[in-house]
Amino acid sequence: MELQSRYSVRELRPEDDFERICRLMANRDIQAFPRSPERVRSLFFPDDRETGPNLKGFVAETESMIVAFISVELRGKDGHLMYFIDEPNPQLVLTELLDRCAQYVIESGGKRLTYFVSTEFGQIYNQEIAWLDRLGFQNIDPYVRVSARLLLSEWNPPEQLNTESIHTESLSLDEVHRMLLDDGSITNAYIFRFQFRTVKPSNVMLTMRNAENEIIAVAYYKVIEKSKDRLLGSAFNVHFRPKFELLRAEKRRFLQGALWSMKQLDLHDVNSLMSLKEVDTFTLMVREGFDQINSHYFGWPKCSKRDMSKYKNARDVLPESLIREIQKYVRGEHLYIPQTERTGWGKKSGTRAEIERRNKEIYRQYMDGICVAELAEMYFLSEERIRGILYQHNAELQ
């Protein structure tokens, strides 16, 4: 079945059912947006567009009900995605939603779409990553990203904590970003730029300097009000400049000094996201009590001007009178015109051929002795679906 015959994909509107959208968000274990319908609406349709985030939303409907929602936020040349789908086969509707996001990013001067997946610590593949692979996303990190959390109310500094040479400092965001790049911490530099986009009083920077007044270590975090009586630290990281070859005891002292600054601000807990290239920093954090550790996949697909070749401007192909008639029903949106004779599903895109190759490989592996349960786990399919593929392939051979 063709995608367009099942779903109607369009831009998000102020009058949409944001309670339904919040319910879609609640189905996923991520806190990307506030769960208040009015607050979500205000993010996409702020009263003052100059102060709100650069967000665009798209929805997919079937039988007048929103079954999928995707947001894209422009961050420099990247369009960062978040999606929420209530469908048994999310890849189908996600394909069309990604097309709409790609066009918006290109028209806004961007170059690519990016997406962030959380996994269990040490896990390098799951069903969501498998979908993203098929949709053209590629992991851009040579090292795993990890997140961790420390409950500061349960952390206490050593009795004789020496904070000498550790100070808060008003470094510019560009200065810290350049320092990370110069030291080869490319992924952490990207994360920093991603998390610290504007100068705010809630940004905290600490440094450690040597006798020559050179910065040998830097720490940074943001203070966020989670509720009226609770503050937390977010986007925390510590960077030790490799050319100074700090002793491990000095690294730990600086980390403890940064955590002590949070205790003085009465922060309840602190979250961190970093590249495991800085494995020494990660192990120091674990030693201080950071836990709730997860791995992360960060990828982007190609998103170039050539992707726009399948879109046509109505004025190039339709008479003006017909355009005016269509504008009575829809304006400023993409309209799918179905073919009079449709190509079979998946033939034009190659999806059908890819599935057939996969099914042959499943059958071959089954004949080589791999059991149904193992095949189901390998291909992220149910055991019932694996048996169906084996039955169908066996029938075709006979």
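Quick note: the coordinates plus some simple rules give every number you see, no bench work behind them. Being a predicted model, the structure only gives us computed values, none of them experimental. All Cβ positions, glycine included, derive from the backbone under ideal geometry; neighbour counts span all protein chains shown.
Assign one of three labels to region 146-292, namely rounded, prolate or oblate, based on the Cα gyration tensor with a ≥ b ≥ c the square roots of its eigenvalues; rounded applies when a/c is under 1.5, prolate when it is not and a/b is larger than b/c, and oblate otherwise.
Numbers: a/c = 1.38, a/b = 1.16, b/c = 1.19.
Cα axes put region 146-292 in the rounded bin.
Give the aspartates and glutamates reachable from residue 228 as a straight Cα distance under 17 Å; neighbours fewer than 8 places away on the same chain don't count.
266, 269
Given a cut-off of 19 Å, name the pairs among 56/222; 77/226; 56/77; 251/277 whose C-alpha atoms lie farther apart than that in the structure shown. Could you put the intermediate results ahead of the total?
Details: 56/222 25 Å; 77/226 30 Å; 56/77 15 Å; 251/277 16 Å.
In this structure, 56/222; 77/226 lie more than 19 Å apart at Cα.
Can you list residues from other chains, or at least 5 along the same chain, whose modelled amide H is less than 5 Å from the amide H of residue 67?
60, 61, 62
Answer with one residue from 318, 190, 255: the one whose Cα lies farthest towards the positive end of the charge dipole of the chain, charges on Cβ with Lys, Arg +1 and Asp, Glu -1.
318
Suppose every Lys and Arg Cβ carries +1 and every Asp and Glu Cβ carries -1, with no other charges. What dipole size does the chain come out with about its Cα centre, to the nearest 20 debye? Numbers along the way, then the final one.
Details: 56 positive and 59 negative charges, 185 e Å.
About 900 debye.
Antiparallel as a % of all DSSP beta bridges within the chain, to the nearest 5?
Working: 59 of 65 bridges.
In the chain, approximately 90 percent of DSSP beta bridges are antiparallel ones.
In whole angstrom, how far apart do the alpha carbon centroids of region 88-140 and region 167-183 sit?
31
Taking the dipole about the Cα centre of the chain, with the C-beta of Lys and Arg at +1 and of Asp and Glu at -1, give me whichever of 171, 97, 44 is farthest to the positive side.
Value computed over the given set: 97.
If packing is taken as the average number of other Cβ atoms within 10 Å across a peptide's residues, how do 76-88, 378-390 rank, most packed first? The partial results should precede the final answer.
Values: 76-88: 17.9, 378-390: 15.5.
Result, highest mean Cβ count within 10 Å first: 76-88, 378-390.
Long-range amide H contacts for residue 12: which residues qualify at under 5 Å (H placed 1.01 Å from N, peptide plane, sequence gap of 5 or more or a different chain)?
57, 58, 59
In what sequence, highest mean first, do 90-96, 356-362, 63-69, 319-325 appear when ranked by Cβ atoms within 10 angstrom?
Values: 90-96: 19.1, 356-362: 14.6, 63-69: 16.1, 319-325: 10.1.
Peptide ranking by packing, descending: 90-96, 63-69, 356-362, 319-325.
To the nearest 0.05, how large is the calculated FRET efficiency for residue 160 and residue 320 if R₀ is 56 Å and r is the Cβ-Cβ distance?
0.10
Wrap a convex hull around the Cα atoms of region 209-273, take a quarter of its surface area, and give that in square nanometres.
On the way: hull surface 19.7 nm².
For the Cα atoms of region 209-273, the hull's average projected area reads 4.9 nm².
Which ³J(HN,Hα) values, rounded to whole Hz and listed in residue order, are derived for region 153-158 from phi using the Karplus coefficients 6.51, -1.76 and 1.60 in 6.51 cos²θ - 1.76 cosθ + 1.60 with θ = phi - 60°, glycine and proline given as x?
5, 9, 9, 10, x, x
Which option, [x] 29, 25, 21; [y] 49, 23, 18; [z] 45, 29, 19, is the value of semi-axes √(5λ) of the Cα gyration tensor in Å that was calculated from these coordinates?
[z]
To the nearest 20 Debye, how big is the dipole of region 96-197 about its Cα centre, given +1 on the beta carbon of each Lys and Arg and -1 on that of each Asp and Glu? All intermediate terms of the calculation are to be shown ahead of the outcome.
Values: 9 positive and 15 negative charges, 86 e Å.
Computed charge dipole of region 96-197: roughly 420 debye.
What is the spin-label model distance, in nm, from residue 385 to residue 138 if the labels are put 7 Å beyond Cα along the C-beta direction?
With each label placed 7 Å out from Cα toward Cβ, I get 2.6 nm.
Please get the size of the charge dipole for region 171-303, origin at its Cα centre, with Cβ charges of +1 on Lys and Arg and -1 on Asp and Glu, quoted in debye to the nearest 20.
Numbers: 19 positive and 16 negative charges, 53 e Å.
Dipole magnitude for region 171-303 comes out near 260 debye.
Quick one: what are the phi-derived ³J(HN,Hα) couplings along region 8-17, Karplus 6.51/-1.76/1.60 with θ = phi - 60°, whole Hz, x for glycine and proline?
Listing the rounded values in order: 10, 9, 8, 6, 5, 10, x, 8, 5, 7 Hz.
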